[in-house]
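Worksheet: the structure to be examined is printed underneath.
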Amino acid sequence: MQSKIQTLPKEVVNLIAAGEVIDSLAAVVRELVENSLDAGATRIIISIISEQWRVQISDNGTGMNLANLKQAANPHSTSKITNFQDLTKITSLGFRGEALHSLANLSNLEILSRPKSPLLENENEGWRVVYNEQGKAVEVERVAVAPGTIVKVSNLFGKWPVRRQGMPSLAQQMRGIQLVIQQIALCYPDVTWQVWQGSKLWIQISPGATAKQILPQILSTVRLSDLQYIQQEIDEQEAEELNLKTSNFSQYQDSQFLDRQSLELVLGLPDRCHRRRPDWVKVAINGRVVKVPELEQKIISSLARTCPRDRYPICFIHFQIFPHQINWNRHPAKTEVYLHNLSFWQQQIELAIAKALQFSMEVMPEFPLSERVEKILKVSENTGNYQTRRSIQVSPDNTAEKSQEFGLIELKAIAQLHNTYIVAEHPTGIWLIEQHIAHERVLYEQLCDAWEIISLEPPIILHNLSSGQIEQLQRLNIEVEILEISFGQLVLLRQF
Ligand SMILES: Nc1ncnc2c1ncn2[C@@H]1O[C@H](COP(=O)(O)OP(=O)(O)O)[C@@H](O)[C@H]1O
Ligand SMILES: [Mg+2]
């Protein structure tokens, strides 16, 4: 349900990082989408006509009643915090009450809204409000709209031509918008997204249970089966030891407050998913992708030995962190944050990545064919000359010792997969061998066995020997080979 929008007191305004929130089309999209998400929307439709500097966002969130609509674009007006203490418990994406006011100032702003669950009967209707440059409602009319909100921004920076000139190209701005949406979609996997460029559907993202289902929709080269996923709570005791849980913790507990810290990790298997640049190493905190270079570096260094050389991983890690651990006021766009106890969060990244790469039932996807595979194995066991379910015993003739003598490992091939892998038995378990690499090794060993160093005796070459001299050499048992060349005679001597 929508709470009342109020103007923040001066002392709170002074504590908030001041600065320009709207500096591009992407910033408009980011601010409006964040408002929709704060309003609990699960379906967001965005329409952009960049040449006209026009953005429209429709959502199915809580909507606003008329009183809130009139108040929404006033300076420092927000329904998300009311006082100084609230700054330490922020769980919403917005809290400064600046975006709509800035948009009223920089563009033509119009909002249509209808409350989703109205408290009063007369609030069950939609309104359209047009704002002036100061954010005052100048046109108000009743309209027929579905519950939710439609925000229309047009002619952005129309009165500020210099601002438009200093902007990146429209194509670059569209790429910026795409990134904003992709990042937010990963943080809110239960939302359906549609983005239109004029009349063309540009981006469509279907909801998923977790960010794992979203990533393949964003990166076409990534398949669902290439991703590892873990979701876990942060060990409370460990956090407490590091003083992350403050003693007066209860003061932060209220209805909208997080009750535990957690992390979610989506990791591309490093042998299959890697990129030239670290552009998909992303860290999100409480619903927003943020720049914390120390955490991104930790992801890269944790995977440096598993990724191919000079390649970077695909990794999205989303922390839910108690709000009092975070200071969002590092940057007005809230893209950078200060985090207390940075090393603790770095350690959590390291542990989570190690866990995601371990072979364990927790991270292995359920194998839907397991029953069928089991049956096939049983059948093949009876007819095949190998037994998949037999327990492996080290043979008494001490093959291990023998192999050691030659520095070899004793393996027994039992199957071949996809013409690519050899499955082999070993007393310690099953080995999977890439057969082409094994073949290369065989060729190498053969070469090693076959080659030997032979020193070549260079023959001695003498010029213009007389026949007497040649005879003399032959008498000394020296083989003489005569080469006729145009300017005389060359003699090649070889000793027997
Ligand atoms: N899409 C929306 N649905 C419902 N309420 C909204 C929406 N967009 C804005 N609002 C209301 O308008 C207020 C002002 O929005 P904004 O200027 O972005 O400030 P902030 O998000 O920091 O509170 C919000 O606090 C919210 O109550
Ligand atoms: Mg906002």
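The values are calculated or read from the model by the stated rules, or taken from the named source; none is laboratory data. Every value quoted in this text rests on a predicted model; they were computed, and no experiment measured them. Reconstructed Cβ throughout: ideal geometry from the backbone, glycine too, with neighbour counts over all protein chains shown. Heads up: the accessible areas ignore ligands, DNA and RNA and are worked out on the full protein's heavy atoms, side chains in. Shrake-Rupley method; radii C 1.70, N 1.55, O 1.52, S 1.80 Å.
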| note | Here the residues within the range 297-314 that are buried (at least 19 other Cβ atoms within 10 Å of the Cβ) and under 19 Å from S343 (Cα atoms) are K298, I299, S302, L303
| message | Taking the conditions exactly as written (at pLDDT 90 or above, touching a strand residue (DSSP E or B) at 6+ places or on another chain (Cβ under 8 Å), near ligand 1 (Cβ under 8 Å from one of its atoms) and assigned by TED's automatic domain parsing to the domain that holds L32), does G94 satisfy them or not? | response | no
| Residue in the range 35-45 that is hydroxyl-bearing (S, T, Y), open to solvent by less than 10 Å² (accessible area, probe 1.4 Å) and either assigned to a strand (DSSP E or B) or within 12 Å of ligand 1 (Cβ to nearest atom) (or both) present | yes
| Of all residues in the range 88-110 being open to solvent by 40 Å² or more (accessible area, probe 1.4 Å) and free of Cβ contacts under 8 Å to residues at least 40 places away in the same chain, the one that is farthest from T78 (Cα to Cα) | N105
| Could you say whether any residue in the range 86-100 is part of a helix (DSSP H, G or I), more than 19 Å from L156 (Cβ to Cβ) and within 16 Å of ligand 2 (Cβ to nearest atom)? | yes
| remark: If we keep only residues of the range 142-169 that are outside any helix (DSSP H, G or I) and open to solvent by 80 Å² or more (accessible area, probe 1.4 Å), then the residue farthest from S77 (Cα to Cα) is A144
